[in-house]
Amino acid sequence: MPSAQDVGRAIARGIGPVARSVSPGAAGGALKRVLEVAIDGYARVPGARTVAAKHLQKHGGAVDDAIDSVIAQHVRLASAQGFVTNIGGIAALPVTIPANLAGISVVQVRMVAAVAHLRGYDVGDLRVRTALVMCLLGGEEVARRIDDGSLPTSPMVIATAPVFDAVLDRQVADAVLADLMSRIGGKNLALVVTRRVPLLGGGVGAVVDGLATRQIGAYAKAELLRRRALAH
């Protein structure tokens, strides 16, 4: 059975093209690529539908058990790739930060997409894809943005809207990428500083990415209520 480090390295290799595309000025394109990799798969990284099917089979068709299993697996993956992409210390920081952002995004989007698929959503639908990306903000941030008017409604409502809203899709992409980039810019200075220290930085990255992924998974499970009977 591969170790956490092995899994992390595999993810880092698989999302290389995504890592190179992430920049503040290209939110739409970057997140589109993340969605493609997370949902459809890339190289040796299986997509969300494949992951969902394996967990559903493993748990004998029990959807809620499969969802919990998907979330647990992706928390482990997030911790593994967080460790690998942050372990280099300050010498590797300019390279590993984009890889970490892309890597954690792929892991988290694939997890949310697998949850959505298990709940009966068509993850190929553009409305659903907007909702999946929005889930990366987490429950508290989504609620705050709805309160201040910067986002109109919840992922669940967006996923089930009558039509796709391209303007809202760009809004969500900008918000999510800005949130990801703020993890570099100093949302939590102590974490930014400790990530610059070899080994210690890797450990902090693993814990932070794992906890964030667990919270997003719990939010997606609570937010994306069952839509229809899952087609087998």
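The values are calculated or read from the model by the stated rules, or taken from the named source; none is laboratory data. Quick caveat, the model's predicted, so the values are computed rather than measured. Quick reminder, even Gly has a Cβ in these numbers, built from the backbone with ideal geometry, and neighbours come from all protein chains shown.
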Pair list, Cβ < 9 Å and 6+ apart or interchain, from the range 212-231 residues that are among the charged types (D, E, K, R) to residues that are buried (at least 18 other Cβ atoms within 10 Å of the Cβ) and modelled with pLDDT under 90: Arg214/Ala78
Residues satisfying the stated conditions in the range 70-86, i.e. aliphatic (A, V, I, L, M) and either within 17 Å of Val112 (Cβ to Cβ) or modelled with pLDDT of 80 or more (or both): Val70, Ile71, Ala72, Val75, Leu77, Ala78
Pairs where the first residue, in the range 36-56, is at pLDDT below 85 and the second is in a helix (DSSP H, G or I) and of a type in the set (Lys, Arg), C-beta under 7 Å, 6+ apart: none
Matching residues, the range 116-166, being in contact (Cβ under 8 Å) with a residue 12 or more places away in the chain and of a type in the set (Lys, Arg): Arg119, Arg127, Arg129, Arg145
Residue among Val157, Val106, Val133 that is at pLDDT 90 or above, under 26 Å from Pro46 (Cβ atoms) and among the β-branched types (Val, Ile, Thr): Val133
Selection count where residues are part of a helix (DSSP H, G or I), surrounded by 13 or more Cβ atoms within 10 Å (Cβ to Cβ) and under 17 Å from the mean Cα position of the chain (by Cα), scope the range 133-155: 7
